[in-house]
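*Asks:* I am attaching a structure below and will ask some questions about it afterwards.
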Amino acid sequence: MEDDLELDALLAKAGALPVPPSAALTARILADADALQPPARGQLGALRPRIGVLGWLLELAEGLGGGRAVAGLSLAGVTGLFLGVADPTALQSLTALIAGDMTTVGQMDLLPATDILWTEN
Amino acid sequence: MPRDTLDVVSDETLLVLYANGDPAAARALTTRLAPRVLGYATRLLTDRAEAEDVTQEAMLRLWKMAPQWRAGEAQISTWLYRVATNLCTDQKRARRRRPAIALDDAPEVAAQSGSAVSSLMQADRMTALHRALDQLPDRQRQAVVLRHIEGLANPEIAQIMDLGIEAVESLTARGKRALTAILAGRKADLGYDDDADEREAV
């Protein structure tokens, strides 16, 4: 072993010799992989039609984070619409309550002008 | 995804497929990466059972990390070599705290074709090489194995070992010099004198 060439050749031969995993080791690794694998993308995926509006909606719902996220977004949207349309009297009563004006507590109307929501022009 | 398609996609794509629930991706990644980790760990530890444990643990960490893998940040094989390096270091530290074990567990490698005598000579040389590697300091052994047995480039080794490229070059050079010195005393035993005689005769 006088020169690097012999050592290089020996190292190269070592590198060329495969060290195959045993069947038992492969089985152990795959069992771990199976146990830790996340479920297939979304439960909606199995139901999703390949084409059509329903498929697009399901894709969108999945993209937004699934059914719970869509329900939360819907509730937030409806609440925002209500706060924008409803008469502010109810909120005035609420602020008066918080500010200490107790005389209006008995008259507080949580939906004072809901009829405007279904009034036809 | 069909199995023959999985054979040509990148490691990173396979990991994304695994994280998305593709059942075939784990097998394809295991087939591709486990032999490399096992070979590397076996050469560092010179103990097949310990190397198998390291391989299983490294792959386990890959499965756990799959959903958080950030695309383009590193090569999966580089990341895996790094994990395996750290696990082997831990294993060696634990071994030092245990009673010494016999160094009879040179890596089991697949049988190669050739005459019985040359196969035996080859096996002797490999055993000698692994025993010599085992005498190197840990960092030198890691650098030599990664560079000259695993065939990685210095920048990748630098990432795996968390070193600069010059430090890798220095470790590799010192490791090879030490290996040459260790093996020089066994040159005749390993048949290198016979090889030299044959070359001269030709």
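*Asks:* Restricting to the range B:121-155, and then to whatever is free of Cβ contacts under 8 Å to residues at least 12 places away in the same chain and within 15 Å of the chain's Cα centre (by Cα), can you tell me which residue is farthest from the other protein chains (Cβ to nearest Cβ)?
*Replies:* The extreme case among them is B:ALA153.
*Asks:* Additional query: If only one of B:ALA28, B:ALA49, B:ALA58 is assigned by TED's automatic domain parsing to the domain that holds B:VAL83, within 23 Å of the chain's Cα centre (by Cα) and open to solvent by less than 10 Å² (accessible area, probe 1.4 Å), which one is it?
*Replies:* That would be B:ALA58, the only listed residue that is assigned by TED's automatic domain parsing to the domain that holds B:VAL83, within 23 Å of the chain's Cα centre (by Cα) and open to solvent by less than 10 Å² (accessible area, probe 1.4 Å).
*Asks:* I've got another one for you. Please list, ordered by residue number, the helices (runs of 4 or more DSSP H) wholly in the range B:1-79 having 3 or more residues that are more than 10 Å from chain A (Cβ to nearest Cβ) and closer than 25 Å to A:ALA12 by Cβ. Step through it out loud before you land on a result.
*Replies:* Working: elements: B:3-6, B:11-19, B:23-45, B:48-65.
It comes to B:23-45.
*Asks:* So B:PRO35 passes all but one of these: (1) in contact with a helix residue (DSSP H, G or I) (Cβ under 8 Å, 6 or more places away or on another chain); (2) open to solvent by 30 Å² or more (accessible area, probe 1.4 Å); (3) farther than 13 Å from B:GLN91 by Cβ. Which condition number does it fail?
*Replies:* Going through (1) in contact with a helix residue (DSSP H, G or I) (Cβ under 8 Å, 6 or more places away or on another chain); (2) open to solvent by 30 Å² or more (accessible area, probe 1.4 Å); (3) farther than 13 Å from B:GLN91 by Cβ one by one, B:PRO35 breaks only (1).
*Asks:* Now for a separate question. Out of curiosity, is B:ARG82 modelled with pLDDT of 90 or more, surrounded by 14 or more Cβ atoms within 10 Å (Cβ to Cβ), among the basic types (Lys, Arg) and part of a helix (DSSP H, G or I)?
*Replies:* Yes: the conditions hold for B:ARG82.
*Asks:* May I pose another question? Can you spot a residue in the range A:25-42 that is over 25 Å from B:LEU14 (Cβ atoms) and modelled with pLDDT under 75?
*Replies:* no
*Asks:* Can you name every residue in the range B:163-202 that is at pLDDT 95 or above, away from chain A (no Cβ under 14 Å) and open to solvent by 70 Å² or more (accessible area, probe 1.4 Å)?
*Replies:* Residues satisfying the conditions are B:ILE165, B:GLU166, B:GLU169.
*Asks:* Restricting the search to the range B:33-48, which residues are over 16 Å from B:LEU152 (Cβ atoms) and at pLDDT below 95?
*Replies:* B:THR42, B:LEU45, B:THR46, B:ASP47, B:ARG48
*Asks:* Checking B:ASN86 against (1) under 20 Å from B:ARG139 (Cβ atoms); (2) touching a Leu at 6+ places or on another chain (Cβ under 7 Å); (3) not aliphatic (A, V, I, L, M): exactly one of these is not met. Which one?
*Replies:* Exception for B:ASN86: condition (2).
The values are calculated or read from the model by the stated rules, or taken from the named source; none is laboratory data. Predicted model, so just to flag it, every value in this text is computed and none were measured. Glycine also receives a Cβ, built like all others from the backbone with ideal geometry; neighbour counts cover every protein chain displayed. Heads up: the accessible areas ignore ligands, DNA and RNA and are worked out on the full protein's heavy atoms, side chains in. Shrake-Rupley method; radii C 1.70, N 1.55, O 1.52, S 1.80 Å.
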